[in-house]
Amino acid sequence: MNFDILIPITLFVCITYAIKAVVDARVRRQMVTVGGSEELVRSVLQGDELRRRHASLHWGIVLVALATGFGLIQAFGWQDLNPGMVAVLAGATGLGNLVFYAIARKLG
């Protein structure tokens, strides 16, 4: 497998994330300096915090579900990549997303 393509892709993702972080910080700073109401600033910051926590919860649940899928593949002794193996991983990912959705609805 040719891993040379991963370097430019990773670089692009990192640059994009850095630009997004800078733009978000500037928008927050402008909101505070322009004189946005304290309630508006507080609600934006609380929304960001809630979104970060939900993102962490989401990826935690999905990764645990994927780990379970990989564990099942190992337990069944599957060695070759076949549609059944891909189905187990896709099903584990989908199940993780559904579990997150159910938990997020109960939290919010």
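The values are calculated or read from the model by the stated rules, or taken from the named source; none is laboratory data. All values derive from a computational prediction rather than experimental measurement. Here the Cβ is made from the backbone with ideal geometry for all residues, glycine too, and neighbour counts use every protein chain on show. To get the accessible areas, we keep the full protein, side chains included, count just its heavy atoms, and leave off ligands, DNA and RNA. Shrake-Rupley method; radii C 1.70, N 1.55, O 1.52, S 1.80 Å.
Calculate, for Val41 and Ile19, the FRET efficiency according to 1/(1 + (r/R0)^6) with r their C-beta to C-beta distance and R0 22 Å; round to the nearest 0.05. Once rounded, the FRET efficiency stands at 0.45.
Before I look further, what does the chain give for accessible area per residue, probe 1.4 Å, in whole square angstrom? Spell out each step's value before the answer.
Numbers: 8790 Å² over 108 residues.
Here the per-residue accessible area is 81 Å².
Here the simple spin-label model places points 7 Å from the Cα toward Cβ, and for Val86 and Ala104 these points are separated by 2.6 nm. For Trp78, the amide hydrogen comes within under 5 Å of no other amide hydrogen, counting only partners 5 or more places away or on other chains and with H modelled in the peptide plane. Which one of Gln30, Ala102, Ala92 has its Cα pushed farthest toward the positive end of the charge dipole of the chain, where Lys and Arg give +1 and Asp and Glu give -1 at the Cβ? The one lying farthest along the dipole's positive direction is Gln30. Element breakdown for the chain at a 1.4 angstrom probe: carbon and sulfur atoms account for 69% of the accessible area.
Annotation for Trp59 and Asn2: the two label points, set 7 Å from Cα along the Cα-Cβ direction, are 2.9 nm apart. Simple rule: put +1 on each Lys or Arg Cβ and -1 on each Asp or Glu Cβ in the chain, find the dipole, and look at Ile5, Ala75, Ser56; the Cα lying farthest toward the positive end is Ser56.
Evaluate the relative contact order of the chain (contact order divided by residue number), counting alpha-carbon pairs under 8 angstrom at least 6 apart; express in whole percent.
On the way: 36 pairs, mean separation 28.1, N = 108.
Reported relative contact order: 26 percent.
Distance between the C-alpha centres of segment 50-108 and segment 1-37: 27 Å, rounded to the whole angstrom.
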